[in-house]
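Take a look at the structure below.
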Amino acid sequence: MDASSQKRIAAGIMKCGVSRVRITQSEEVEEALTREDIRGLIQKGMIWSVQKKGTSKFKSKKKLEQKKVFRLAGGRMVPKDRKNPNSYKVRRAKVGGYRDYFDDEQLAQIEALFESTMTPVFGYLKTAGIAG
């Protein structure tokens, strides 16, 4: 079965590349010739697209840092101890990961400073619903 024309039409409908389109083999798919037929098969789940795979910036920067690509940027970009994962500039890709390095008192001071200096217009504060 050659479903290349169905894949091409489906890729145009789903706005993805042809290589990401997957088709269940059946006679119904072979008989689909128009865009409407392909749309119906997509709604039935007989044609779908797979998730695009990509390399995250965190992973690529961590690899670059381990390869010593940033050595020409000066000492500030080179880890002091290559065996210690905390000495790398790119750490764990965890939102709010800085909280793991401070105790509760220090976190309270940081949050108080943050709340006093940031404007609520951007929605970063806990009281973002209150305009001030």
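Just so it is clear, none of the values below were taken in a lab; they were calculated from the coordinates. The structure presented is a predicted model; accordingly, all values stated were derived computationally and were not measured. Cβ coordinates were reconstructed from backbone atoms using ideal geometry, including for glycine residues, and neighbour counts include every protein chain displayed.
Helix 57-66 and the longest principal axis of the C-alpha atoms of the chain enclose an angle of approximately 60°. Working note: Debye formula, equal point scatterers on the alpha-carbon atoms of the chain, no solvent; log10 I(q)/I(0) at q = 0.12, 0.17, 0.18 Å⁻¹ is -0.77, -0.90, -0.95. As a proxy for reagent exposure, Phe58, Phe122 were ordered by neighbouring Cβ count within 10 angstrom, fewest first; the result is Phe122, Phe58. Checking the cross-link pairs Lys15/Lys59; Lys57/Lys80; Lys44/Lys94; Lys68/Lys94; Lys67/Lys94; Lys7/Lys53 against a 29 Å limit on the alpha carbon distance flags Lys44/Lys94 as lying beyond it.
Relative to the dominant Cα principal axis of the chain, helix 104-117 is inclined by about 80°.
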